[in-house]
Amino acid sequence: MFSFVVGIGAALAGAGDSTTLDLWRGSPGADKVYVQAVLPDGSTGLFLVDSGAAISVINPEAAERLGLVSEDAGGRVAGLSGSVSWQRATLSNVKLGDFTLDNVDVATGVPGVPDMAGAIPVDGIFGHNVWSHFTVVVDYPADRLELHRPGTYKAKGKGQKIRVAGNRVIVDVMVEAEHEGVTAKVPVTIEIDTGASDTSLWCQTGEPFRPFTTLGVEPVVGIGAALDKVPDFQFLTETRHIPATWLTFGGRRAKRTGPIRWSSPDDPGADACAVSTGLLGFRSYGDQRVVIDYPGERLTLERPQKRRVFDASAAWLAEDLAHHGHDPRRAAARAKVLIGHDELTSARTTIQEAIASSGEDPALIALAARVDFYDGKDAEAIARLASLSPIELVDEGIWGTMLGSLIANGREAEALERAQLALKLEVADADVRQELLVGLSDALLANNRPAEAQRALDEAIAVDRGGSGFLFRRALVALEQGDRYGAISTLRSLLDVYPIGGQAMWLYSLSLEPQDHSTFKADLSRALGRLHPEAEPLDFVGAALRLVADEPAAREALEKGYARDCKPFRRGAARDNCDAWYWALGGDRLDAASAAASRAVKSDPKNSAYRDTAAVVAYVRGDLAEAGIQAREAARLEPDDPYLIWQARRFTKAAAPPSGTR
């Protein structure tokens with residue numbers, strides 16, 4: 001959601017009293033829903049259904065495609081991740097089904113606006129200045145959205161009064177919470193926000209629940225977030241969690257699973273406090289028909305009707321082909337959707353035809369390589385990428401993938417040669433040079449040259465403006481140099497800035513000697529003390545505590561983690577993988593763990609997490625050769641993940657015969 005004062009200037013036209021549109025999602029059941037609109041040039045575009053947005057927003061690519069002229073709007077847009085300046089443009093007309101809206105104001109130049117729903121391109125957000133003309137029925141289970149003229153739809157159910165004011169839809173919600181046998185039942189006044197993934201309270205709204213809450217840090221990302229500029233931990237925000245059990249709104253009392261976030265609980269002067277008192281998001285009504293009667297100012301939850309899953313990928317592909325024919329310029333977008341639909345043969349054909357007709361486009365070559373990688377054809381992928389320069393590989397986001405794939409496939413010397421040649425180029429862009437240096441460091445480390453890897457990483461860090469300093473990689477390099485305390489110091493720094501990272505805890509625990517145990521346990525306690533209970537990486541915590549010989553605490557962590565993470569899955573590959581993972585970390589039921597891991601891998605052999613689990617299970621069972629095989633396959637599937645590369649490296653080393661033996 002985001003907010004600012006803006007007039008609603010659009011005019012509604014069209015025959016009939018209602019129209020029905022499909023709800024598009026990036027994947028079945030996803031919490032973000034989109035609708036398709038016909039834009040002024042006759043093209044179609046997808047827009048997020050966002051009742052919490054004061055004005056509609058269009059992303060830069062769509063604005064350029066439509067030739068929109070923007071002007072400074074004055075003021076700033078405020079959202080979850082801060083406030084930014086913005087510009088205003090106007091869509092002369094927007095068609096939604098049988099209705100047309102003329103002169104729709106849109107904001108431009110706003111960071112954090114979605115541009116993809118899964119693999120499907122998105123053009124922006126439709127907010128209050130679109131939806132306020134209608135009674136809007138969002139039928140989530142049926143993947144349908146209905147628009148009705150004011151006064152023409154009679155909701156089925158009791159419903160409740162809402163207030164539509166200041167470009168917001170305000171609703172009273174009764175929140176029930178329970179903590180240690182004590183129950184609280186408090187009314188709160190917040191916004192209905194169909195663009196929010198979950199319900200949250202802001203600033204003073206959550207104050208009645210303070211004695212019930214936990215305090216911790218978590219990532220909070222929304223409008224105003226430039227995700228490509230800073231690392232994840234920069235979005236860590238201190239919040240409180242309210243153990244809510246029931247919510248009553250729209251004429252229904254609904255069971256709540258999981259806590260409600262209370263943002264800015266101790267900072268009433270925060271920017272967010274001027275934006276909203278809270279948001280009523282998808283998770284609270286995603287299994288309902290939600291009727292928002294803007295003109296009549298009522299909210300009603302109706303029982304869902306016939307359930308349906310709309311195949312957004314298939315629909316997008318069919319429409320794109322009908323609209324653009326076999327235009328090679330559409331190949332990249334189509335191939336991404338085909339890959340997301342697991343139609344690799346069609347994706348490969350689409351790309352090859354485009355390359356044949358339009359030439360060696362780096363974006364298409366990189367995309368073809370990604371299809372090859374995903375399909376297990378690493379040699380073919382690497383051969384394709386040989387035609388691209390290192391700078392082009394960085395620009396296409398596949399430099400690290402290519403080097404990591406070479407390393408995972410036992411071609412470490414070739415990876416190093418390519419990385420060294422890349423650094424001989426004149427590179428003006430600092431970000432590109434940094435990517436090349438990180439790749440060189442990885443390749444040097446894979447070739448057992450850790451001192452040089454450290455120097456390359458130091459040079460990369462020197463151009464890292466506000467980043468993480470590649471702390472996990474620095475720790476790995478320090479360990480290879482035999483600098484155990486250097487590694488520990490680096491991992492302690494990583495836990496300070498990002499306590500959520502369980503891999504760092506595990507690597508830290510694997511680096512210890514008995515004299516370090518007490519310090520580690522203090523660091524672990526401090527990191528966990530900054531997290532909400534549901535965010536604690538209990539799997540890695542339990543594994544780490546076993547390594548420092550605190551078996552009772554390890555057992556408690558693993559049992560809690562297993563109940564939280566595994567039991568919600570009744571059956572299937574996800575449950576098999578979770579069972580195998582926890583059993584292996586606890587040293588329990590190892591034969592059953594092996595069987596479960598095998599079933600998970602067989603069900604989804606391209607899942608790197610399942611392969612990593614299989615590697616850990618094999619390692620704990622003493623099958624070092626199998627551990628190495630599975631770890632290398634996991635790294636091959638995600639070759640730019642330093643954790644998986646580390647796993648493959650350590651398990652392969654464990655399986656190697658001692659020096660001097662055959």
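The values are calculated or read from the model by the stated rules, or taken from the named source; none is laboratory data. All values derive from a computational prediction rather than experimental measurement. No Cβ is skipped: glycine too gets one built from the backbone with ideal geometry, and neighbour counts run over all protein chains shown.
Applying the condition of being assigned to a helix (DSSP H, G or I) and either without any contact (Cβ under 8 Å) to a residue 24 or more places away in the chain or of a type in the set (S, T, N, Q) (or both) to region 401-430 and asking which residue is farthest from residue 633 (Cα to Cα) yields 420. Go through 649, 599, 621, 589 for me and flag whichever is surrounded by fewer than 16 Cβ atoms within 10 Å (Cβ to Cβ) and of a type outside the set (Gly, Ala, Ser). On inspection, the qualifying residue turns out to be 589.
Tally up the residues in region 298-318 that are in a loop (DSSP other than H, G, I, E, B) and of a type in the set (Phe, Trp, Tyr), please. Before you say what the answer is, go through the steps one by one.
We begin by selecting, within region 298-318, every residue in a loop (DSSP other than H, G, I, E, B); these are 303-311.
Cutting the leftovers down to of a type in the set (Phe, Trp, Tyr) gives us 310.
Matching residues across region 298-318 total 1.
Residues 181, 166, 216: which one is buried (at least 21 other Cβ atoms within 10 Å of the Cβ) and over 19 Å from residue 254 (Cβ atoms)?
Details: 181 fails: buried (at least 21 other Cβ atoms within 10 Å of the Cβ); 166 fails: buried (at least 21 other Cβ atoms within 10 Å of the Cβ).
Testing whether each residue is buried (at least 21 other Cβ atoms within 10 Å of the Cβ) and over 19 Å from residue 254 (Cβ atoms) leaves just 216.
The set of residues from region 385-400 being surrounded by fewer than 21 Cβ atoms within 10 Å (Cβ to Cβ) and either in contact with a strand residue (DSSP E or B) (Cβ under 9 Å, 6 or more places away or on another chain) or part of a helix (DSSP H, G or I) (or both) comprises 391, 392, 395, 400. Cβ-Cβ contacts under 7 Å between residues 6 or more apart (or on different chains), taken from a first residue in region 253-266 that is in the same structural domain as residue 173 (by TED's automatic domain parsing) and of a type in the set (A, V, I, L, M) to a second residue that is in a loop (DSSP other than H, G, I, E, B) and surrounded by 23 or more Cβ atoms within 10 Å (Cβ to Cβ), are listed as 260/199.
For region 1-43, a tally of residues being over 27 Å from the mean Cα position of the chain (by Cα) and at pLDDT 90 or above returns 10. Might you let me know whether region 311-325 holds any residue that is assigned by TED's automatic domain parsing to the domain that holds residue 174, among the polar types (S, T, N, Q) and buried (at least 19 other Cβ atoms within 10 Å of the Cβ)? Checking region 311-325: not a single residue is assigned by TED's automatic domain parsing to the domain that holds residue 174, among the polar types (S, T, N, Q) and buried (at least 19 other Cβ atoms within 10 Å of the Cβ).
Which residues, taken from region 44-61, are surrounded by fewer than 24 Cβ atoms within 10 Å (Cβ to Cβ) and more than 21 Å from the chain's Cα centre (by Cα)? 44, 45, 54, 60, 61, listed by residue number. Restricting attention to region 239-270, the residues that are at pLDDT below 90, in a strand (DSSP E or B) and out of contact with any helix residue (DSSP H, G or I) (no Cβ under 7 Å at 6 or more places or on another chain) total 0.
Exactly one residue out of 346, 389 is in contact (Cβ under 8 Å) with a residue 24 or more places away in the chain and not aromatic (Phe, Trp, Tyr), and it is 389.
When the residues of region 46-78 are filtered to those that are assigned to a strand (DSSP E or B) and within 26 Å of residue 21 (Cβ to Cβ), which remaining residue is modelled with the lowest pLDDT?
Initial filter on region 46-78 (assigned to a strand (DSSP E or B)): 46-49, 53, 56-58, 71-78.
Within this subset, residues satisfying the condition of being within 26 Å of residue 21 (Cβ to Cβ) are 46-49, 53, 56-58.
Values: 46: 97, 47: 98, 48: 97, 49: 98, 53: 90, 56: 93, 57: 94, 58: 94.
If we take residues in region 46-78 being assigned to a strand (DSSP E or B) and within 26 Å of residue 21 (Cβ to Cβ), then 53 is modelled with the lowest pLDDT.
The residues of region 133-142 that are closer than 14 Å to residue 194 by Cα and either touching a strand residue (DSSP E or B) at 6+ places or on another chain (Cβ under 6 Å) or among the acidic types (Asp, Glu) (or both), listed by number, are 136, 137, 138, 139. Residue by residue through region 553-569, note down the ones that are surrounded by 16 or more Cβ atoms within 10 Å (Cβ to Cβ) and aromatic (Phe, Trp, Tyr). Within region 553-569, just 562 meets the criteria. Taking region 191-214 as the range and being closer than 25 Å to residue 135 by Cα and outside any loop (DSSP other than H, G, I, E, B) as the test, the residues that pass are 191, 192, 200. Looking across region 18-34, the residues that are in a strand (DSSP E or B) and more than 19 Å from residue 150 (Cβ to Cβ) come down to 22, 24, 34.
Would you say residue 522 is among the aliphatic types (A, V, I, L, M), without any contact (Cβ under 8 Å) to a residue 24 or more places away in the chain and more than 25 Å from residue 435 (Cα to Cα)?
yes
Against the test of being under 23 Å from residue 516 (Cβ atoms), among the basic types (Lys, Arg) and out of contact with any Pro (no Cβ under 7 Å at 6 or more places or on another chain), the options 636, 546, 564 yield a single qualifying residue, 546.
Residues in region 593-621 that are out of contact with any Leu (no Cβ under 9 Å at 6 or more places or on another chain) and among the β-branched types (Val, Ile, Thr): 601, 613.
Among the residues of region 483-525, those that are touching a strand residue (DSSP E or B) at 6+ places or on another chain (Cβ under 9 Å) and closer than 21 Å to residue 644 by Cα comprise 498, 499, 500.
Between 457, 476, the distinction of being in contact (Cβ under 8 Å) with a residue 60 or more places away in the chain, under 21 Å from residue 439 (Cα atoms), of a type outside the set (Lys, Arg) and buried (at least 16 other Cβ atoms within 10 Å of the Cβ) belongs to 476 only. Within region 122-132, the set of residues being assigned to a strand (DSSP E or B), on the phi < 0 side of the Ramachandran plot and touching a Gly at 6+ places or on another chain (Cβ under 8 Å) comprises just one member, 125.
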